[in-house]
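Engineer: Provided herewith is a single structure, encoded as structure tokens, for subsequent inquiry.
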Amino acid sequence: MAEAPIPLQISTLPDSPGVYQYYDKDGKLLYVGKAKNLKKRVNSYFTKQHDNARTRILVRKIKDIKHIVVATETDALLLENNLIKKYQPKYNVLLKDDKSYPWICIKNERFPRVFPTRRMIKDGSQYFGPYTSMKTVYTLLDLIKGLYPLRTCKYDLAEDKIRNDKYKVCLEFHLGNCSGPCEGLYLEATYNENIQAIKEILKGNFKESLVQFKNQMKDLAADLHFEDAQRIKEKLNVLQNYQSKSTVVNPNINNVDVFSVISDESYGYVNFLQLSFGAIIRSHTLEIKKKLDESDVDLLQLSVIELRQRFNSQSKEIYVPIKITAEEGVKIHIPKLGDKKKILDLSIRNAKYFRMERFKQAKIVDPDRHENRIMAQMKKDLRLSEEPRHIECFDNSNIQGTNPVAACVVFKNGKPSKKDYRKFNIKTVVGPDDFASMEEVVYRRYKRLKEEEQPLPQLIIIDGGKGQLSSSLKALDDLELRGKIAIVGIAKRLEELFYPDDPIPLYLDKKSETLKIIQQLRNEAHRFGINFHRQKRSKEALNTALETIPGIGEKTVVELLRVFKSTKRVGAASFEELVKVVGANRAKKIIAYFQNLKAIK
């Protein structure tokens, strides 16, 4: 599919945080930017007057827009930093590596130290981050040091050196900040347990620490050490409110390709994230038109080879959601949890956004393709034998059995066909009987269509559960139409879809387009029926008050209500006031009518 015009691309951007990339007519990257709301930020480039000449030139050169969706604004900031360093676009400020974001290092040594750094050294140490400011790093380190006593010295705490009393405790020990592992006063196993708890905190998993310190706070309060308990409480608040790290960058995920796939009846979408030195450096989504109902495995297998060749990837490890065959020397991994699963989920999210944007663009520039896709999807989701190009939905409306009416709304090719809407007065049912009312209306509707040889719908939707569905089936049986028209009932509470002779309801994905169209049908039928019910109540109220007066017709009633606004005010009007509106003869009849009403009361 050719690249869409810029206004169309902007109109279908998501209202989500992410990074946008501007390209010129030759496909050269011009600019990388971050945004809290991608659509608003990108749109501002093309709607505002720019004082800066360089910005005006940039906007004129933009011929294509790509983007990567992330979870938070912080993620967008970090990803923007990585992409600018990697590609150094012409219109971006040059970022040098010596301005890298800070990390927290847990040193690979006996009794590990925990400290901030801007340099990552491959010596087996663990790094957490990056963080967007040193203030955040120091806040975390202060929290950790307040919770767990850690050493800060750079001594080599080998077992033999401690046994030979090579070191003496320092001031940090006497201040209570360190438990003295240099003199063997702190068991290595206990220290390592604390280090493991710190790692979990840095990963954002606070559960164990929260339980431990909540118990500690309660114990301190029980012993009347309220100041110490308050100190622990304050740190707990920090722990609970802090989101420790970005899912965009993880130093343990190094030099990896990530692929995900989603598909529908006609197209597949494969997203590719390329990670280098623990950072995302590229995101690209491939749209593939299906020819022979290819499976997701087929689409992914083909796309992995294509994308790795196109971008000259040398990664030896690939993350995918389903099993595929890899080229020789490449390891395939299917993440199930943890940071690797998060990065795969991010890829899936970007594929879904890309698909959504293509749908929105196709709806504007190629409505036939959009309709065909929707119809094919509904056929599959609802297990129909043919596409539901013509759908009719029924709903009953009454208040405590009064003025029972029903509505039938019609959708053709997924859109309302209002000229085909029909409304019904219930004729054979007495009282509030939804089941009998539904049977009557369905019977009348399709009896008439048969007699007039009008086309029947491919799908009937009944607003209600099993009871209303069963009643509708009776009507179809009487007309010998059962099996010739697909019919389902939708229950409002859980959006359950009921099928004839099937006790188990169908549940559609809450975000599926099929369910949204069914909900739109149901809501439209309800709206149409309620409006008709109101009209009937109003007319009935009118009839009982004014139109029952002998010699007073509908036009006179309308004129009276236009002037006096209500029946009550007509009854309270003087003879002279009525004469001005309807003349003396009708005024006498109205006065006599209301006087007679008062006498009866």
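The values are calculated or read from the model by the stated rules, or taken from the named source; none is laboratory data. Please read these numbers as outputs of a predicted model, since none were measured by experiment. Cβ: placed from backbone, ideal geometry, glycine included. Neighbour counts: every protein chain shown.
Engineer: Quick check on the range 317-340: of everything there that is closer than 19 Å to HIS284 by Cα and not aliphatic (A, V, I, L, M), which residue is surrounded by the fewest Cβ atoms within 10 Å (Cβ to Cβ)?
Structural biologist: The residue in question is GLU317.
Engineer: Okay, next question. For the range 344-386, give me the residue count where each residue is acidic (Asp, Glu) and not in a helix (DSSP H, G or I). Explain how you work it out, then say what you get.
Structural biologist: The first filter runs over the range 344-386 and keeps only residues acidic (Asp, Glu), leaving 345, 357, 366, 368, 371, 381, 386.
Filter once more, so that each one left must be not in a helix (DSSP H, G or I): 366, 386.
Within the range 344-386, residues that are acidic (Asp, Glu) and not in a helix (DSSP H, G or I) number 2.
Engineer: While we're looking at this one, here's another question. How about the range 23-74: which of its residues are β-branched (Val, Ile, Thr), over 28 Å from the mean Cα position of the chain (by Cα) and closer than 17 Å to GLN9 by Cα?
Structural biologist: If we filter the range 23-74 for residues that are β-branched (Val, Ile, Thr), which is where we start, we get 32, 42, 47, 55, 57, 59, 62, 65, 68-70, 72, 74.
Among the residues that remain, those that are also over 28 Å from the mean Cα position of the chain (by Cα) are: 55, 57, 59, 62.
Scanning the range 23-74 gives VAL59, ILE62.
Engineer: Something else: Let me spell it out: the conditions are (1) at pLDDT 85 or above; (2) crowded, with 17+ Cβ neighbours inside 10 Å; (3) among the hydroxyl-bearing types (Ser, Thr, Tyr), and THR74 meets all of them except one. Which number is the exception?
Structural biologist: Checking THR74 against (1) at pLDDT 85 or above; (2) crowded, with 17+ Cβ neighbours inside 10 Å; (3) among the hydroxyl-bearing types (Ser, Thr, Tyr), the one that fails is (1).
Engineer: Of the residues ILE162, ILE121, which is β-branched (Val, Ile, Thr) and either outside any helix (DSSP H, G or I) or in the same structural domain as ASN81 (by TED's automatic domain parsing) (or both)? Please lay out each step first, then the result.
Structural biologist: Details: ILE162 fails: either outside any helix (DSSP H, G or I) or in the same structural domain as ASN81 (by TED's automatic domain parsing) (or both).
Result of the check over ILE162, ILE121: ILE121.
Engineer: Test PHE528 against the criterion of being touching a strand residue (DSSP E or B) at 6+ places or on another chain (Cβ under 7 Å), at pLDDT below 80, part of a helix (DSSP H, G or I) and in the same structural domain as ALA407 (by TED's automatic domain parsing), and give yes or no. Quick ask: steps written out before the conclusion?
Structural biologist: Details: touching a strand residue (DSSP E or B) at 6+ places or on another chain (Cβ under 7 Å): yes; at pLDDT below 80: no; part of a helix (DSSP H, G or I): yes; in the same structural domain as ALA407 (by TED's automatic domain parsing): yes.
No: the conditions fail for PHE528.
Engineer: List every residue pair whose Cβ atoms lie under 8 Å apart, where the two residues are 6 or more positions apart in sequence or sit on different chains, the first residue falls within the range 481-492 and is modelled with pLDDT of 85 or more, and the second residue, located anywhere, is acidic (Asp, Glu).
Structural biologist: Between residues of the range 481-492 that are modelled with pLDDT of 85 or more and residues that are acidic (Asp, Glu), the close pairs are GLY489/ASP463; ILE490/ASP463; ILE490/GLU496.
Engineer: Follow-up question, since we're still on this one. Has the range 341-348 got at least one residue that is acidic (Asp, Glu), over 15 Å from ASN271 (Cα atoms) and either within 32 Å of the chain's Cα centre (by Cα) or not assigned by TED's automatic domain parsing to the domain that holds HIS67 (or both)? Before the answer, list the steps.
Structural biologist: Here is the first cut: in the range 341-348, the residues acidic (Asp, Glu) are 345.
Then keep just the ones that are over 15 Å from ASN271 (Cα atoms); that gives none.
No.
Engineer: When you look at PRO505, is it touching an Asp or Glu at 6+ places or on another chain (Cβ under 6 Å), crowded, with 17+ Cβ neighbours inside 10 Å and either among the charged types (D, E, K, R) or assigned to a loop (DSSP other than H, G, I, E, B) (or both), yes or no?
Structural biologist: On the way: touching an Asp or Glu at 6+ places or on another chain (Cβ under 6 Å): yes; crowded, with 17+ Cβ neighbours inside 10 Å: yes; either among the charged types (D, E, K, R) or assigned to a loop (DSSP other than H, G, I, E, B) (or both): no.
For PRO505, the condition - touching an Asp or Glu at 6+ places or on another chain (Cβ under 6 Å), crowded, with 17+ Cβ neighbours inside 10 Å and either among the charged types (D, E, K, R) or assigned to a loop (DSSP other than H, G, I, E, B) (or both) - is not met.
Engineer: Given the criteria within 21 Å of LYS342 (Cβ to Cβ), of a type in the set (S, T, N, Q) and modelled with pLDDT of 75 or more, does GLN274 qualify? Explain how you work it out, then say what you get.
Structural biologist: On the way: within 21 Å of LYS342 (Cβ to Cβ): yes; of a type in the set (S, T, N, Q): yes; modelled with pLDDT of 75 or more: yes.
Yes: the conditions hold for GLN274.
Engineer: Could you tell me whether any residue of the range 189-199 is over 38 Å from the mean Cα position of the chain (by Cα), surrounded by 14 or more Cβ atoms within 10 Å (Cβ to Cβ), in the same structural domain as GLU109 (by TED's automatic domain parsing) and not hydroxyl-bearing (Ser, Thr, Tyr)?
Structural biologist: Taking the range 189-199 and keeping what is over 38 Å from the mean Cα position of the chain (by Cα), we get 189-194.
Still in the running and surrounded by 14 or more Cβ atoms within 10 Å (Cβ to Cβ): 191, 194.
The next check asks that each one be in the same structural domain as GLU109 (by TED's automatic domain parsing); those that pass are 191, 194.
If we keep only those that are not hydroxyl-bearing (Ser, Thr, Tyr) as well, we get 194.
Looking for residues that are over 38 Å from the mean Cα position of the chain (by Cα), surrounded by 14 or more Cβ atoms within 10 Å (Cβ to Cβ), in the same structural domain as GLU109 (by TED's automatic domain parsing) and not hydroxyl-bearing (Ser, Thr, Tyr), one finds at least one in the range 189-199, hence yes.
Engineer: Hey, can you tell me all the residues within the range 560-585 that are assigned to a helix (DSSP H, G or I), out of contact with any helix residue (DSSP H, G or I) (no Cβ under 6 Å at 6 or more places or on another chain), under 14 Å from LEU546 (Cβ atoms) and not hydrophobic (A, V, I, L, M, F, W, C)? Even if it seems obvious, please write down each step before you answer.
Structural biologist: Within the range 560-585, the subset assigned to a helix (DSSP H, G or I) is 560-564, 567-572, 575-585.
With the extra rule that they be out of contact with any helix residue (DSSP H, G or I) (no Cβ under 6 Å at 6 or more places or on another chain), the set shrinks to 561-562, 568-569, 572, 576-577, 580, 583-585.
Checking the rest, the ones that are also under 14 Å from LEU546 (Cβ atoms) come to 561-562, 568-569, 572.
ARG562, LYS568, ARG569, listed by residue number.
Engineer: Looking only at the range 427-448, decide whether some residue is touching a strand residue (DSSP E or B) at 6+ places or on another chain (Cβ under 7 Å), surrounded by fewer than 16 Cβ atoms within 10 Å (Cβ to Cβ) and modelled with pLDDT of 80 or more.
Structural biologist: Here is the first cut: in the range 427-448, the residues touching a strand residue (DSSP E or B) at 6+ places or on another chain (Cβ under 7 Å) are 429, 432, 434, 437-438, 441-442, 444-445.
Adding the requirement that they be surrounded by fewer than 16 Cβ atoms within 10 Å (Cβ to Cβ) leaves 432.
From the residues that got through so far, the ones that are modelled with pLDDT of 80 or more too are none.
No, that holds for no residue.
Engineer: Please go through the range 585-601 and pick out each residue that is under 13 Å from ILE552 (Cα atoms) and loosely packed, with under 11 Cβ neighbours inside 10 Å.
Structural biologist: Matches in the range 585-601: ASN585 only.
Engineer: A further question on this structure: In the range 289-326, which residue that is outside any helix (DSSP H, G or I) and small (Gly, Ala, Ser) is nearest to the chain's Cα centre (by Cα)?
Structural biologist: Residues of the range 289-326 that are outside any helix (DSSP H, G or I), as a first pass: 289-295, 311-326.
Of the ones still in play, those that are also small (Gly, Ala, Ser) are 295, 313, 315, 326.
Working: SER295: 25, SER313: 32, SER315: 32, ALA326: 33 Å.
In this case the residue turns out to be SER295.
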